[in-house]
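The next block holds one structure in the form of structure tokens; read it before the comments.
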Amino acid sequence: MLPAAAALSTAAAALPYREVAEGIFVRFGLHEEVTADNCGAIANIGFIVGDASVAVVDSGTTQQQGLALRQAIADVTDKPISHLVATHVHFDHCFGHSAFADLPLRSIGHRNLPRALAERGAFYVQLLSGICPDFAGTVVVPPNETVEDRLDIDLGNRPLRLKAWPTAHTNTDLTVFDPSTGTLWAGDLLFDQRLPTLDGSLLGWLEVLDSLLAEEVRRVIPGHGAVSDGRAAITAQRRYLETLRDGVRQALADDLDIPATLARLGADDLPDWQVVEDVHGRNIVSAYTELEWE
Ligand SMILES: [Zn+2]
């Protein structure tokens, strides 16, 4: 049952859920900055249905979006929600968790997630409260179970393999692999269409990309963008990250400081990517502070 007071706002409930593989449903995020209108409905979130129960993978930015997700599940099945998985710390992926707080489920995240939420949660809440009225009522809910390296779960004839990755997009990246359909839920280890945001380690991320697609992966759900076999999307993301790495290394070799590096690389033409403004500049600063220690 949904909480009785769940009056879903139109913005949170507007985006549909689509079945991208048997029993896997995704709400695709918008390629927009966070606004009062979209209230952070910018990431791919959704759920996986097994014979016995349901796993939620990411919950959106607000309690409202989490409640809309619960409604989408109720529209498809009356099986209970047994697992709530956060792919990483970013608010657009796991701040809808409070919509599930009344359920006796396993809430799972990367071993670093509780600390990351403690460090940043209040900042994100303040930021979002100032942007979107729909954020009201949303509280940060840390996982009650963490993954050190790997964790196998089962939804009833539907095993899922969770993997905690070394620092890449963030230091809290967790993926979900569904062997039944060969689907990898990659979270923000893979961006498609929307420019990747670097909040962990540039070199670490490039390394993770080498092993993201294990042999059985036939389909990838990125954190942002379209479902595909992942190959072209990974190639495009690798090209962006490698160009960023090489440009920043050259700037360091030329003794440029951060403003000069931004001036040189910030004007990069990135026609293949969306939501580039601000993000590219932040990525340059992140890469600079990482690579200056090489
Ligand atoms: Zn992210």
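None of the figures in this text is laboratory data; all of them are computed from the coordinates on show. Quantities reported herein were computed from a predicted structural model and do not represent experimental measurements. Every residue, glycine among them, receives a Cβ derived from its backbone with ideal geometry; neighbour counts consider all protein chains shown.
Figures for the structure shown
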| quantity | calculated |
| --- | --- |
| Inter-site label distance for A253 and Q193 at 7 Å from Cα along Cβ, in nm | 3.7 |
| Most positive-pole-ward Cα, L213, Q250, P143, against dipole of the chain from beta carbon charges | P143 |
| Residue-averaged [θ]222 nm for the chain, counting only DSSP H segments that reach four residues, each worth -39500 (n - 2.57) | -10000 deg cm²/dmol |
| The stretch 10-229, relative contact order [Cα under 8 Å, separation at least 6], % | 18 |
| Charged-residue dipole, Cβ positions (Lys, Arg, Asp, Glu), the stretch 10-229 about Cα centre, Debye nearest 20 | 280 |
| Solitary cysteines of the chain, where the nearest other Cys Cβ is not under 4.7 Å | C94 |
| Global form of the stretch 10-229, assessed from the alpha-carbon gyration tensor, a/c cut-off 1.5 | rounded |
| Dipole axis of the stretch 22-133 (+1 Lys, Arg; -1 Asp, Glu on Cβ), positive-most option in I45, I131, A86 | A86 |
| Beta bridge orientation in the chain: antiparallel %, DSSP, nearest 5 | 60 |
| Order of R120, R70, R27 under a 10 Å beta carbon neighbour criterion, fewest first | R120, R27, R70 |
| R0 of 41 Å, Cβ-Cβ distance L270-N157: FRET efficiency to nearest 0.05 | 0.40 |
| Net charge of neighbours whose Cβ lies under 12 Å from the Cβ of L256, counting Lys and Arg as +1 and Asp and Glu as -1 | -2 |
| Neighbour-count ranking [beta-carbon atoms within 10 angstrom, fewest first] of D192, D37, D92, D210 | D210, D37, D192, D92 |
| Considering only the stretch 44-119, percent of DSSP beta bridges that pair antiparallel, nearest 5 | 35 |
| Beta bridges by DSSP in the stretch 73-162, antiparallel share as percent, to the nearest 5 | 40 |
| V139 versus L127: modelled label distance in nm, points set 7 Å from Cα along the beta carbon direction | 2.2 |
